[in-house]
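S.K.: The structure under discussion is supplied below as structure tokens; questions concerning it will follow.
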Amino acid sequence: MNEHSRKLLQECSSGCKMAMESMDQVEKYVQDDTLQSVIAEYRKKHDELEQKASELLAQSGNSEKEPGAAARAFSWITTEMKMMMKEDNNQIAKLLMDGCNMGIQSITEYQHEYCEASKEAEGLADDLVKMEEEFSRELKKFL
């Protein structure tokens, strides 16, 4: 596996983990069964994609990448503060949509930066971007 493929897969893995942590964090605030179902569906999809990235990395003797401690802390604090100010489905949808947008931007930037990644790594990154776009569209219903 070339360096670009490794780095792109690690960023996809890290992004999926960050997304799952955010979904887990807001879960306790969700009051709508339909929203809960959407979040659970996309949490599962993120987990499956993260597993694929992890498997590809492991096959080549590489390890996953954990989200950075600073990014994790900032995300957690921001979410808790916003939920304290307004604890409803609209706020949850906005927070998760913000996360989707950050994920789309960062993975797309990494795709450009790691332009020599394998078709497999590039395809996984494309799948992640598409999934974030779909999740964001689903969340719009709760605004």
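Please treat every number below as a calculation from the coordinates, not as lab data. Quick caveat, the model's predicted, so the values are computed rather than measured. Every residue, glycine as well, gets a Cβ built from its backbone with ideal geometry; the counts of neighbours run over all protein chains shown.
S.K.: If you take the residues of region 37-53 that are buried (at least 20 other Cβ atoms within 10 Å of the Cβ) and of a type outside the set (A, V, I, L, M), which of them is farthest from LEU124 (Cα to Cα)?
M.R.: Looking at the filtered set, the residue picked out is TYR42.
S.K.: Next question. Within region 14-23, can one find any residue that is among the hydroxyl-bearing types (Ser, Thr, Tyr), in contact (Cβ under 8 Å) with a residue 60 or more places away in the chain and buried (at least 20 other Cβ atoms within 10 Å of the Cβ)? Even if it seems obvious, please write down each step before you answer.
M.R.: As a first pass, look at region 14-23 and keep what is among the hydroxyl-bearing types (Ser, Thr, Tyr): 14, 22.
If we keep only those that are in contact (Cβ under 8 Å) with a residue 60 or more places away in the chain too, we end up with 22.
Subsequent filtering for residues that are buried (at least 20 other Cβ atoms within 10 Å of the Cβ) retains 22.
Checked against the condition, which is being among the hydroxyl-bearing types (Ser, Thr, Tyr), in contact (Cβ under 8 Å) with a residue 60 or more places away in the chain and buried (at least 20 other Cβ atoms within 10 Å of the Cβ), region 14-23 yields at least one hit.
S.K.: Out of region 87-143, which residues are small (Gly, Ala, Ser) and in contact (Cβ under 8 Å) with a residue 24 or more places away in the chain?
M.R.: Here is the first cut: in region 87-143, the ones small (Gly, Ala, Ser) are 93, 99, 103, 106, 117-118, 121, 123, 125, 136.
Once the filter is applied, which keeps residues that are small (Gly, Ala, Ser) and in contact (Cβ under 8 Å) with a residue 24 or more places away in the chain, region 87-143 yields ALA93, GLY99, GLY103, SER106, ALA117, SER118, ALA121, ALA125, SER136.
S.K.: Moving on to the next point. Quick one: in region 18-39, of everything that is under 13 Å from the mean Cα position of the chain (by Cα) and of a type in the set (A, V, I, L, M), which residue is farthest from ILE107 (Cα to Cα)?
M.R.: Checked region 18-39; the qualifying residue farthest from ILE107 (Cα to Cα) is ILE39.
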